[in-house]
Amino acid sequence: MTETKKSLGTFDGVFTPSILTILGVIMYLKLGWVVGNVGLTKTLLIVTLATSITFLTGLSIAAIATDQRVRAGGAYYMISRSLGLEAGGAVGIPLFLAQALSVSLYTVGFAESLIAVFPQFDQETVVVMTIAIVSCIALLSPKLAIRTQYLVMGVVGLSLISLLLGKEVSTEVAGLSGTIEDPAGFWEVFSVFFPAVTGITVGVNLSGNLKDPGRSIPLGTFLAVGVGYLVYMILPVILAFRANPDILVEDPLVMMPMSAWGQAILLGVWGGALSSAVGSILGAPRVLQALARDNVLPNGLSWLGRGTGDDDTPRIGTVVTLLFAGTAAYMTDLEMIAPILTMFFLTTYGALNIAAGLERILKSPSFRPKFKVHWAFSFLGAIGCFSVMSLINSGATLVALCFVVGVYIWLKKRALTVAWGDLRRGLWMAVIRAGLLGLKGEPDARNWRPYTLVFSGAPTRRWHLVDLANCFSHSQGLLTVSTVVPEESITLQRSQALESKIKDYCERRGVSSLVRVISAPDAYSGVKRAVETYGVGPLVPNSVLLGQNYELSKDRKKFCTLVSDLYQAKRNVFILRAEEEEGFGKRKRIDIWWGGLQGNGALMLILGYLTQNSLSWKGSEVHLRMVVKDEVARQEAYRNLEAIIDRTRTNFIPHVITSEGEHFRRLVLEHSGDADLILLGVGKPLDDFVGYWDKLLKETQDLPATLFVLAAEEIAFKDVLIHD
């Protein structure tokens, strides 16, 4: 990438392009229309409201610009480095479109004013030729383009003096009645006027060419906003007292007959339109260039990021902007373009204000701007932007926001990597800190969520463990995928690399989880160490999921000791006996062998409900099976089971089975041999738990995938299901 030559200062790089864009075509051709439609008082209110939003945004821009080195891309660069690449791209793409449409706006305005004087010209031809001329100026050099605007500034100043020394326009001469029918509404007029005060983005977009962006952007921006506000507060007074509303509305060049030298107004219109167009055609390609260099644009468009010469001029981007602006100008007019620009610019301004406000309120040690702004002013600016958007046109606001959200989601799915940090991590840290400090340590059945720590080893080989744990935690709780590695074979760097690799693998398979790599002499001590040390404050895993196969289960005593230790640590223990190759069959049926709400029973109902409502088990059935001794007890048990299902609102299918002396193992095999997942309770780990566990594994070795559930947490799980 070519190193940009820093050649512009505050006056030529920020103030000049900004003020000439502010005092541009809308001032000459539409300010009279504004006054004629809403009157002097409301015009001054519109000017004040619009400038207030711009000023508040200018404060936010100043804060960000004096904290970080602002490179090419201006507002896009600021937003992407603060709110993240996705948010920056979601706003940057509309910002480019807004800047490109600004070229259309100013060239159409120039063409309309030229045709009013020389009606023999064709407007479409004038528009195309004008865009081509301003593009050629921009392609030569930003410095040259800026220098040409000094002359324009002189012409604009002369036109304003001519207007100040002018006279009243006679209604008789104009041939109008002095009244207008069906005037435009306040917010419609506001939407047409607002692009007039958006010129501050032109100077910001040239940030890559500024010698000292941190000083030039705030100073040049505030000077332009202040001068622009002063002019726009004086001109409506002159217009209102020198012409009737109908003349102001009907005659776009009404300033000519009321000026001391009408030709000065004409030169001002042409100069203002052309200089504003040049300013926009300087800014838009640089936003496009920055988007391409950050790989925000679709794959294959990286060539739009190329720059040439000492100024790193984006010639290819300028040509693309030229084609886009020319097409838009050829197809539309000022009244159609201006409201669209308003929405795009307000979206950009809102994002800039949010970025500055969040940076300030999070108080990150890295955010140390020289120009300090209270976060309330930034958020007030953001509220103003989005409120005005909805008041102007709620439908257009919805379309604009949907466009931004759509681009954000598209960029999020692309999982772009960046070499810089942003405030999102700080924002999450602030939220997490507040949540942890406000989280009570006592168990709360009403708000219980599964926080599962699953020991999967290498997830690629034991994915069924992660898969099932994700079913418990989806959108409800937290999931941590953990693996234990030998101490002698792991370093801190390798541990971090392995965690990153496991997290990437889980995300590719659609599982959102935390990842923890534990180094220990063996798997059993590693699991125990993780359970003892993992977590923050009251937020610790309440459940542990382990894998166990009958044929491969070695060190049975160590395993049972581990289960006992986990139980003593008040962690619910889930042990999955399943083969990776077989998985969970068709995921259509879950069987819960149930003995009541006490003990493991309520927890198994919760797990069955969570699994059934997960994405991978959608449409499955949960069969709740209970065993009684004889037929006499069966009918009463069935009624109780139906009542439990009704009270828990789980829609499970009840089954009551009479044992008639039959062994439990044979009953389970007979009734659940074709299930996809079976849930069985496990007795408390007492003295002879090794023998109990060995017997349980032997009795269930012929069953499909089976989850053994041991409730240990000090919480009444039935209160999670039933709250009377």
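Details
- In segment 613-647, of all residues being over 22 Å from Gly585 (Cα atoms) and assigned to a strand (DSSP E or B), the one that is nearest to the chain's Cα centre (by Cα) corresponds to Met626.
- Filter result for His663 (crowded, with 16+ Cβ neighbours inside 10 Å and either at pLDDT 85 or above or assigned by TED's automatic domain parsing to the domain that holds Leu597 (or both)): no
- Conditions (1) in contact with a helix residue (DSSP H, G or I) (Cβ under 7 Å, 6 or more places away or on another chain); (2) at pLDDT below 90; (3) of a type in the set (Gly, Ala, Ser); number of the one not met by Gly681: (2)
- Qualifying residue in segment 648-661 (condition: under 51 Å from the mean Cα position of the chain (by Cα), part of a helix (DSSP H, G or I) and not hydrophobic (A, V, I, L, M, F, W, C)): yes
- When each of Leu610, Leu597 is tested for being part of a loop (DSSP other than H, G, I, E, B) and either of a type in the set (A, V, I, L, M, F, W, C) or outside the structural domain of Arg509 (by TED's automatic domain parsing) (or both), the lone residue that passes is Leu597.
- Of the residues making up segment 293-303, those that are of a type in the set (A, V, I, L, M, F, W, C) and either crowded, with 19+ Cβ neighbours inside 10 Å or within 22 Å of Ile409 (Cβ to Cβ) (or both) are Val296, Leu297, Leu301.
- Residue check, Val622 crowded, with 19+ Cβ neighbours inside 10 Å and farther than 26 Å from Leu465 by Cα: no
- Taking (1) modelled with pLDDT of 80 or more; (2) touching an Asp or Glu at 6+ places or on another chain (Cβ under 7 Å); (3) more than 15 Å from Gly271 (Cα to Cα) in turn, Phe96 satisfies each apart from (2).
- Residue within segment 266-284 that is without any contact (Cβ under 8 Å) to a residue 40 or more places away in the chain and either assigned by TED's automatic domain parsing to the domain that holds Met129 or part of a helix (DSSP H, G or I) (or both) present: no
- Single residue of Ala530, Ala497 found to be over 23 Å from Pro704 (Cβ atoms) and within 31 Å of the chain's Cα centre (by Cα): Ala497
- The residues listed here are Thr452, Thr483, Thr491; of these, the one that is hydroxyl-bearing (Ser, Thr, Tyr), in the same structural domain as Val544 (by TED's automatic domain parsing) and over 17 Å from Leu576 (Cβ atoms) is Thr491.
- Residue within segment 230-250 that is modelled with pLDDT under 85, assigned to a loop (DSSP other than H, G, I, E, B) and on the phi < 0 side of the Ramachandran plot present: no
- Scanning segment 372-410 for residues that are outside any helix (DSSP H, G or I) and buried (at least 19 other Cβ atoms within 10 Å of the Cβ) yields a single hit, Val373.
- Annotation note: of Val690, Val709, the sole residue that is surrounded by 13 or more Cβ atoms within 10 Å (Cβ to Cβ), outside any loop (DSSP other than H, G, I, E, B), over 50 Å from the mean Cα position of the chain (by Cα) and modelled with pLDDT of 85 or more is Val690.
- Yes/no for Ile490 being in contact with a strand residue (DSSP E or B) (Cβ under 9 Å, 6 or more places away or on another chain), β-branched (Val, Ile, Thr) and at pLDDT below 85: yes
- Criterion violated by Leu362 - all others in (1) within 20 Å of Leu346 (Cβ to Cβ); (2) under 20 Å from the mean Cα position of the chain (by Cα) satisfied: (1)
- Subset tally (residues that are of a type in the set (Phe, Trp, Tyr) and part of a strand (DSSP E or B)) for segment 552-594: 3
- Of all residues assigned to segment 479-492, at least one qualifies as being surrounded by fewer than 18 Cβ atoms within 10 Å (Cβ to Cβ), among the small types (Gly, Ala, Ser) and either over 35 Å from the mean Cα position of the chain (by Cα) or outside any loop (DSSP other than H, G, I, E, B) (or both).
- Test result for Ser275, crowded, with 24+ Cβ neighbours inside 10 Å and either of a type in the set (Ser, Thr, Tyr) or in contact with a strand residue (DSSP E or B) (Cβ under 6 Å, 6 or more places away or on another chain) (or both): yes
- Residue match in segment 713-723 (condition: farther than 30 Å from Val511 by Cα and within 40 Å of the chain's Cα centre (by Cα)): yes
The values are calculated or read from the model by the stated rules, or taken from the named source; none is laboratory data. The model shown is predicted, which means the values in this text are computed figures rather than measured ones. Positions of Cβ are generated from backbone atoms using ideal geometry, with glycine treated the same way; all protein chains shown enter the neighbour counts.
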